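> Structure incoming, see below.
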Amino acid sequence: MSHISSYHADIKLQTALEQGKSVEQDPGWDILNEAVWACAEEKNLDVGHSIRDYYGRLIYCDWSLSGPAFDRGIGINVNRDTGDVVFICDSYGGYERIAGEIKEKVIQNYIALCVARALSTLNYEVEVEEVKHPVDGKKVLVKGVL
Amino acid sequence: MARTIRAEIGSKREVKMEFSGFPGEACFDEAERLRDVLRELGLWAIPVTVMPKTSSQIARETEAEAPEKKKVLHS
């Protein structure tokens, strides 16, 4: 038999923490780094380690994404105790939409990279394709053949 | 028939996975293995729906994979 299933995805970097290692040693850390850089390339943003709030104050984070049209930036932090991934942004003043788009793109990239890597670990031959959907926006298709 | 997993990743954290070509209940075991590997990578895939394919869906897939029959001329 074969089946079709749907999932809701959540990111939590716990593998290294469960082994008594630091979260930076988690396999998900490198994937998150890759997902951030891929988003930066696609949306023409800069990757850094700080964002600014409405008052211009600097807030440090593990990764930040910012650009000319979004100089405040959005930050990504990984909780060192729980492995939870948190996006931070002072979106006051009309930055909600762009911050939301960047966040969802990073997460979509992360999911796609994870699925491709997991299928490869299970010895599947993997193909990745991006398709534009008129209603749902961009979708990433990952196909594994054994 | 090759075993195939197709994942469609949307922009709102939703993932649809289609398992094809698995005999018996093997697709459910494979889905479990995949979820375990994903979890190790930091991705928690929480199942929303699981729908076994209908016999007609499976038959269509098998037909699509089957090689075309050779035409033989009868004289």
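The values are calculated or read from the model by the stated rules, or taken from the named source; none is laboratory data. If you're wondering where the values come from, they're calculated on a predicted model, not measured in any experiment. Here the Cβ is made from the backbone with ideal geometry for all residues, glycine too, and neighbour counts use every protein chain on show. Surface areas here come from the heavy atoms of the whole protein model, side chains and all, with no ligands, DNA or RNA. Shrake-Rupley method; radii C 1.70, N 1.55, O 1.52, S 1.80 Å.
> Kindly check whether there is at least one residue in segment A:40-61 that is closer than 20 Å to B:G42 by Cβ, within 14 Å of chain B (Cβ to nearest Cβ) and buried (at least 18 other Cβ atoms within 10 Å of the Cβ).
Checked against the condition, which is being closer than 20 Å to B:G42 by Cβ, within 14 Å of chain B (Cβ to nearest Cβ) and buried (at least 18 other Cβ atoms within 10 Å of the Cβ), segment A:40-61 yields no hits at all.
> Further, regarding this structure: I'd like to verify a number: residues in segment A:71-85 that are closer than 16 Å to A:E24 by Cβ and either among the aliphatic types (A, V, I, L, M) or surrounded by fewer than 19 Cβ atoms within 10 Å (Cβ to Cβ) (or both), how many? Please lay out each step first, then the result.
First, pick out the residues of segment A:71-85 that are closer than 16 Å to A:E24 by Cβ: A:76-85.
Still in the running and either among the aliphatic types (A, V, I, L, M) or surrounded by fewer than 19 Cβ atoms within 10 Å (Cβ to Cβ) (or both): A:76-82, A:84-85.
Residues in segment A:71-85 being closer than 16 Å to A:E24 by Cβ and either among the aliphatic types (A, V, I, L, M) or surrounded by fewer than 19 Cβ atoms within 10 Å (Cβ to Cβ) (or both): 9 in total.
> Any residue in segment B:1-21 that's more than 7 Å from chain A (Cβ to nearest Cβ): show its pairings with residues that are among the charged types (D, E, K, R) at Cβ separation under 8 Å, as long as the two are six or more apart or on different chains.
These pairs meet every condition: B:M1/B:E61; B:M1/B:E65.
> When segment A:99-128 is examined, which residues are found to be open to solvent by less than 20 Å² (accessible area, probe 1.4 Å), more than 8 Å from every other protein chain (Cβ to nearest Cβ) and of a type in the set (S, T, N, Q)?
Once the filter is applied, which keeps residues that are open to solvent by less than 20 Å² (accessible area, probe 1.4 Å), more than 8 Å from every other protein chain (Cβ to nearest Cβ) and of a type in the set (S, T, N, Q), segment A:99-128 yields only A:N109.
> When the residues of segment A:1-14 are filtered to those that are open to solvent by less than 50 Å² (accessible area, probe 1.4 Å) and in contact (Cβ under 8 Å) with a residue 40 or more places away in the chain, which remaining residue is farthest from the other protein chains (Cβ to nearest Cβ)? Explain how you work it out, then say what you get.
Filtering segment A:1-14 for residues open to solvent by less than 50 Å² (accessible area, probe 1.4 Å) gives A:2-7, A:9, A:11, A:13-14.
Now narrow it down to the ones that are in contact (Cβ under 8 Å) with a residue 40 or more places away in the chain: A:9, A:11, A:13-14.
Numbers: A:A9: 5, A:I11: 6, A:L13: 4, A:Q14: 7 Å.
Here the residue is A:Q14.
> Against the condition in contact with a Ser or Thr (Cβ under 8 Å, 6 or more places away or on another chain), touching a residue at least 12 places away in the same chain (Cβ under 8 Å) and charged (D, E, K, R), how does A:R72 come out, does it pass? Give the steps one after another, and end with the answer.
Values: in contact with a Ser or Thr (Cβ under 8 Å, 6 or more places away or on another chain): yes; touching a residue at least 12 places away in the same chain (Cβ under 8 Å): yes; charged (D, E, K, R): yes.
Taking the combined requirement at face value, the residue satisfies it.
Quick grid of which residues meet (1) within 9 Å of chain A (Cβ to nearest Cβ); (2) at pLDDT 90 or above; (3) assigned to a loop (DSSP other than H, G, I, E, B):
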site: B:G24; (1), (2), (3): yes, no, yes
site: B:W44; (1), (2), (3): yes, yes, no
site: B:V50; (1), (2), (3): yes, no, no
site: B:R60; (1), (2), (3): no, no, no
site: B:A64; (1), (2), (3): no, no, no
site: B:K70; (1), (2), (3): no, no, yes
